[in-house]
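The values are calculated or read from the model by the stated rules, or taken from the named source; none is laboratory data. Predicted, not measured: the structure shown is a model, and the values here were computed from it. All Cβ positions, even for glycine, are placed from backbone atoms using ideal geometry, and neighbour counts span all protein chains on display. These accessible areas exclude ligands, DNA and RNA; they are computed on the full protein's heavy atoms, side chains included. Shrake-Rupley method; radii C 1.70, N 1.55, O 1.52, S 1.80 Å.
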Amino acid sequence: MTTISRRKVISTLATSSASLALASFLPVVEASPQTTAPLAKAFQGQHTPKPLPFDPAKLKGLSEKLIRSHWENNYSGAVKALNTIEQRLAAMLTDKDLPPYIYGDLKREELVRTGSVVLHENYFANLGGDGKASGKVLDLIKQWFGSYEQWEAEFKKTANALGGGSGWTILSYNQHTSEVHNYWAWDHMHNAPMGYPLLVLDMYEHAYHMDYGAAAAKYIDAFMQNVNWDEVNRRVEAVGSRR
Ligand SMILES: [Fe+2]
């Protein structure tokens, strides 16, 4: 319930005798300084978008307009939404009458936006290269798929299965099974448990429709030409140090 001080009411209302009489019937609640505890880290909403790690004008087969729109509207939009959600969760926590299922709606949104932020950051970071696989990731691919060509065929087939809809295709190292697989993900929340992303491909239509319309396969081919395999190898090293 909102409470106000009698002094404030008196100063706000006109100085007529009627107003003063009204104020005399209001409950007396002395004004006190606002005491706001600092938000815990989980609710601070301080995420900031990471800048594109490459020149978007220099990708092969993916226009600058497409990449900039994707970064600004979809990725940065998810970052802003996640910040808002975290802060709203903190506010809702103080409402003792709030039903848990209402809180759950926002917790679901927290998971959606977190997945979007993480996967988009991995996606943009693994673009801007020459598309030529090398190093430890190439060894891993050969170990688990027999050849680069067989891996690429499966990666593309998985991606094409998501054409015309939404989702992600992710080459992952599974930290639980110690296996390497191409995982199919229907949305931002749909990841293999314990899958550490090595190569991430955005298959939402917003990632290609501006350039290719519904021709998802052409977008996938263009993506493969721009993979930054140095970044993928950095992730292989990072997950290797956790084993
Ligand atoms: Fe996207």
Exercise for the section: With respect to Leu82, determine if the residue is part of a helix (DSSP H, G or I) and farther than 26 Å from Lys50 by Cβ. Expected result: no
Problem - In the range 134-160, residue farthest from the ligand (Cβ to nearest atom) [restricted to those that are among the small types (Gly, Ala, Ser) and either in a helix (DSSP H, G or I) or crowded, with 19+ Cβ neighbours inside 10 Å (or both)] - result: Gly135
Practice task
Scan the range 74-133 for residues that are open to solvent by 20 Å² or more (accessible area, probe 1.4 Å) and among the hydroxyl-bearing types (Ser, Thr, Tyr) and jot them down.
Solution key: Thr84, Thr94, Tyr101, Tyr103, Thr114
Practice task
List the number of the failed condition for Leu62; all other conditions in (1) assigned to a helix (DSSP H, G or I); (2) touching a helix residue (DSSP H, G or I) at 6+ places or on another chain (Cβ under 7 Å); (3) open to solvent by less than 30 Å² (accessible area, probe 1.4 Å); (4) within 16 Å of the ligand (Cβ to nearest atom) hold.
Solution key: (1)
Handout entry: Qualifying residue in the range 110-117 (condition: under 23 Å from Asp221 (Cα atoms), at pLDDT 95 or above and within 20 Å of the chain's Cα centre (by Cα))
Key = yes
Fill in the blank from the handout: Going through (1) more than 16 Å from the ligand (Cβ to nearest atom); (2) part of a helix (DSSP H, G or I); (3) touching a residue at least 40 places away in the same chain (Cβ under 8 Å) one by one, Arg234 fails only at (3)
Problem - Close pairs (9 angstrom Cβ cut-off, 6 or more residues apart or separate chains): over 17 Å from Asn83 (Cα atoms) and charged (D, E, K, R) in the range 108-133, open to solvent by less than 50 Å² (accessible area, probe 1.4 Å) and within 16 Å of the ligand (Cβ to nearest atom) anywhere - result: Asp130/Asn226
Problem - Output for the range 188-203, where each listed residue is assigned to a loop (DSSP other than H, G, I, E, B) and open to solvent by less than 40 Å² (accessible area, probe 1.4 Å) - result: His188, Ala192, Met203
